[in-house]
Amino acid sequence: MPGLHQLKSHKNANRDRKRVGRGNGSGTGTYSGRGSKGQKQRGSVPFLFEGGQLPLIKRLPHMRGFTNIFRVETAAVNIASLEGLKSGSAVTPESLIEARLIHKKDQRVKILGNGDLTKKLTVSAHAFSKSARAKIESAGGSVVVIDAPDSDKVLKSESAE
């Protein structure tokens, strides 16, 4: 079996270009493969040109906006839906999936402050609204932010400046 440096292309791999308009004996004389008369014989026709009729590309509705490939899906959970959980329990994204309050395990979770909370809960989530944080803490519960930077790192960077 030949090595990569010994490979050669097949003898019919590259064809010569078709030389048109070199007499009738060549088979592509007279009209040179363009047919007889008309715009296509004499010059070029623009891409998608429809003879002056409003082109299809302009007749269709315009697709606006774009898809952000860096978008991070966040599931919103209201305080009112946490009211159905047991008092004193730890609320995590996994427990929210079991309670069918969110559906995907890899989603970020944000707790929103719609509704009232009367139970003491330890809530772990990626983000909290100000009102949700206040309602959880006023009910005697605690808030744990997942993936948050350590407060020590924040304090050190502030003192270094």
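Quick grid of which residues meet (1) loosely packed, with under 13 Cβ neighbours inside 10 Å; (2) within 26 Å of GLY141 (Cβ to Cβ):
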position: TYR31; (1), (2): yes, no
position: PRO55; (1), (2): no, no
position: LEU60; (1), (2): yes, no
position: VAL91; (1), (2): no, yes
position: ILE97; (1), (2): no, yes
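In this structure, LYS40 does satisfy being among the basic types (Lys, Arg) and surrounded by 10 or more Cβ atoms within 10 Å (Cβ to Cβ). With respect to the stated conditions, GLY84 fails to be surrounded by 10 or more Cβ atoms within 10 Å (Cβ to Cβ) and assigned to a loop (DSSP other than H, G, I, E, B).
Residues checked against (1) touching a residue at least 24 places away in the same chain (Cβ under 8 Å); (2) in a loop (DSSP other than H, G, I, E, B):
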| position | (1), (2) |
| --- | --- |
| GLY21 | no, yes |
| GLY25 | no, no |
| LYS37 | no, yes |
| SER44 | no, yes |
| ILE69 | no, yes |
| ALA80 | yes, no |
| GLU94 | no, no |
| ARG100 | no, yes |
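Per the listing GLU94, GLU83, the residue uniquely of a type in the set (Asp, Glu), within 30 Å of ALA127 (Cα to Cα) and at pLDDT below 90 is GLU83.
Close Cβ contacts (under 7 Å, 6 or more residues apart or on different chains) running from residues in segment 122-143 that are under 10 Å from ILE111 (Cβ atoms) to residues that are hydroxyl-bearing (Ser, Thr, Tyr) comprise SER124/THR92. Is it the case that ALA76 is under 30 Å from GLY141 (Cα atoms), in contact with a Gly (Cβ under 8 Å, 6 or more places away or on another chain), modelled with pLDDT of 90 or more and surrounded by 10 or more Cβ atoms within 10 Å (Cβ to Cβ)? It is false that ALA76 is under 30 Å from GLY141 (Cα atoms), in contact with a Gly (Cβ under 8 Å, 6 or more places away or on another chain), modelled with pLDDT of 90 or more and surrounded by 10 or more Cβ atoms within 10 Å (Cβ to Cβ).
In segment 101-146, the qualifying residues are those that are under 17 Å from GLU83 (Cα atoms) and of a type in the set (D, E, K, R), and the one that is surrounded by the most Cβ atoms within 10 Å (Cβ to Cβ) is LYS135.
The values are calculated or read from the model by the stated rules, or taken from the named source; none is laboratory data. The structure displayed is predicted, hence computed values, not measured ones. Quick reminder, even Gly has a Cβ in these numbers, built from the backbone with ideal geometry, and neighbours come from all protein chains shown.
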